[in-house]
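Just so you know, all these numbers are worked out from the coordinates, no wet-lab data involved. From a predicted model like this one, the values you see are computed outputs, not experimental measurements. Using ideal geometry, Cβ is built from the backbone for each residue, glycine included, and neighbour counts are taken over all protein chains shown.
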Amino acid sequence: MAAFFQTAWQRVVDFFANFGWFTDTVDILLVALFVYFIIRLVRDSRAEQLLRGIIFLGALYLAAYLLELKTVTYLLTAVFDSGLLLLVIVFQPEVRRALEQAGHSRGGIARLFGGFNNMNNAAYIDQWNKAFEAVASALDTLQKQKMGALIVLERATRLGEIVRSGTIMEAEPSEELISAVFFNKAPLHDGAMIIREGKIYAAACILPLTENSQISRELGTRHRAGVGMSENSDAVVVILSEETGTISLADGGELQRNFTHETLVKALADRILWSEELQPKRGRRAKKQEEEAQV
């Protein structure tokens, strides 16, 4: 054991003796950023418990190596040899979400150089604002009739698979049309509505259910589908509870509740009309004001 610590100390000494202040500092910062990204990715999800199990196995492997437990060391070595493949399989939802987020970042850069016209296009903004107002007004009507609704507002990630599970509509958004679709006797009410670029694109679409065990059991299938859709894409999902009339919003796997007409329109505008790169600049104060407005 003494030899192990001597070797480890010698490696530390050699590292600082050959330390390049620019290249190695950048290298360390990039690794730290990657670790931070991984922690954010798995926090408050099933992956967090799985990561704890992997850390436990790593500690067990170190203990077995130091105590010279050859059989245990051999078995754990075999497990870690296939570790990358196992991680990809176990963390498949999180890996997919990470790759989608990376794609969104590249999309933001692309908008800056070629596709940013839509963000400054008055007609584009007016179309979305019309959709926000139509959604909020339709939910007011459905609340009075004690009916539910599930509306997905598409952002950068195209929801082709989801759209193909429903019925294409391609219609201008209006309070009357949205209310009619979710009327409980209508043929398209059982499913989700997809809004693309401010227009009603499809209805009666099937959404993936979340597997997050931390979601309250009081929430039904409609809420679980909304959260699941927001976990598997960058879409914003609006949910109207048929039982309580509560308006909720799912974004990035997180569910916020108790929206009113005004706070819902504002929240949708903040998320859809602002690029993802600008969202952090709103800061904690703006987020706190939004949460207070929901109470």
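Tabulated data
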| item | result |
| --- | --- |
| Fewest-first ranking of 23, 260, using other Cβ atoms within 10 Å as the exposure measure | 23, 260 |
| Inter-label distance for residue 273 and residue 169, nm, one decimal - labels placed 7 Å from Cα along Cα-to-Cβ | 2.2 |
| Förster radius 45 Å - calculated FRET efficiency between residue 24 and residue 126, Cβ distance, rounded to 0.05 | 0.30 |
| Length released on extending from residue 11 to residue 72, taking residue separation times 0.36 nm less the Cα-Cα span | 19.3 nm |
| Contour minus Cα-Cα distance for residue 246 and residue 260 (0.36 nm per residue) | 4.2 nm |
| Trypsin sites (Lys or Arg not before Pro) within the stretch 208-271, DSSP loop, no more than 16 other Cβ atoms inside 10 Å | 217, 257 |
| Within the stretch 130-213: Cβ-based charge dipole about Cα centre, in debye rounded to nearest 20 (Lys, Arg +1; Asp, Glu -1) | 80 |
| Full-stretch length increase - residue 52, residue 213 - with 0.36 nm per residue and alpha-carbon distance subtracted | 56.3 nm |
| The stretch 157-244: GluC sites (Glu not before Pro) falling in loop per DSSP and having at most 15 other Cβ within 10 Å | 197, 211, 218, 243 |
| Exposure proxy ranking, count of Cβ atoms within 10 Å, fewest first, for 189, 223, 261 | 261, 189, 223 |
| Fewest-first sequence of 80, 34, 259 by Cβ atoms within 10 Å of each Cβ | 34, 80, 259 |
| Distance in nm between pseudo-label sites at residue 36 and residue 146 (7 Å out along the Cβ direction from Cα) | 5.1 |
